[in-house]
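What follows is calculated from the coordinates using simple rules that are stated; it is not laboratory data. Keep in mind that what you see is a predicted model, and the values were worked out from it rather than measured. Quick reminder, even Gly has a Cβ in these numbers, built from the backbone with ideal geometry, and neighbours come from all protein chains shown.
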Amino acid sequence: MREKIEKIAKEMGASLVGVGSIERLLSPEHSHLKTGISIAVRLSDQIMNDVVDSPTHTYYHHYRTVNFLIDQICLRISMEIQNRGYLAMGVAASQTVKSESENYKGLISHKMVATRAGIGWIGKSACLVTPEYGPRVRLGTVVTDMEMEYDKPRDISECGDCTICMVNCPSLAIRGVNWEVGKSREEIYDAYACSRHMSEEYRDIGRGSVCGICVSCCPYGKRLQNRT
């Protein structure tokens with residue numbers, strides 16, 4: 001079944017696929033869904049290279065288009081799993097569930113699932129960084145009660161002493177702290193500061209919903225962009 005899932009995902013445009021255990025990552029009502037399938041789609045290097053001091057309209061439309069593709073991939077995988085008699089749920093690529101206590105968070109962290117599935121680590125920018133493409137990817141997730149072979153998870157950051165994303169962040173949201181399992185997002189990144197800056201400064205581009213500077217400036221993504 002795992003080979004079938006990978007085949008479906010990559011034929012539809014996924015760049016990376018991983019599977020990991022997600023116990024304790026979901027709320028109690030979804031705790032029976034113990035397997036997370038992480039889907040990554042590579043972003044256009046040319047589009048990301050053009051994001052220098054601010055996002056571009058092209059990047060905004062690319063961002064939305066890739067998210068739509070990811071959602072379609074996750075839906076197709078969920079349907080395949082459900083047809084086999086298991087429960088499965090695709091999590092939208094940019095889903096955000098807002099409440100008084102959980103602002104700027106989703107049903108499950110795509111990035112944490114990706115680390116459990118061995119796709120990459122969480123960088124100082126709070127973006128997922130992959131060995132293949134750096135942070136130049138968008139993520140989607142399928143959660144299911146189907147058990148399958150898990151990939152080796154990644155538990156620590158490989159960003160080292162690099163602070164380029166922090167230096168270039170116009171919102172000062174990046175704290176310069178290396179991620180490791182157990183470290184909260186708030187310890188490394190201020191999601192509110194990032195969101196506020198986007199809504200105030202980039203209102204004419206997707207109503208302030210994107211930035212991308214930390215993704216474009218990451219040297220890990222830049223030096224790997226010509227690899228296939």
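Per the helix-only calculation at 222 nm, which mean residue ellipticity applies to the chain, given -39500 (n - 2.57) for every DSSP H run of n ≥ 4 and division by its residues, nearest 500 deg cm²/dmol?
Working: 9 runs with 80 residues, N = 228.
Rounded to the nearest 500, the figure is -10000 deg cm²/dmol.
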Extension length gain for R203 and K7 (0.36 nm per residue less Cα distance), in nm, is 66.6 nm
Those cysteines in the chain that have no second cysteine Cβ within a distance under 4.7 Å are C74, C127, C159, C162, C169, C194, C211, C217, C218
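Exposed loop trypsin sites (Lys or Arg not before Pro) only (DSSP loop, at most 12 other Cβ atoms within 10 Å): please give the longest stretch of the chain free of them, not including the sites. List each step's numbers first, then the result.
Values: sites that count: R24, R84, K98, R203, R207, R227.
Result for the longest clean stretch: 99-202.
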Simple SL model, points at 7 angstrom along Cα→Cβ for E180 and I156; separation in nm is 0.7 nm
Candidates for semi-axes √(5λ) of the Cα gyration tensor in Å are (1) 41, 26, 16; (2) 49, 15, 14; (3) 27, 19, 18, and the calculated one carries label (3)
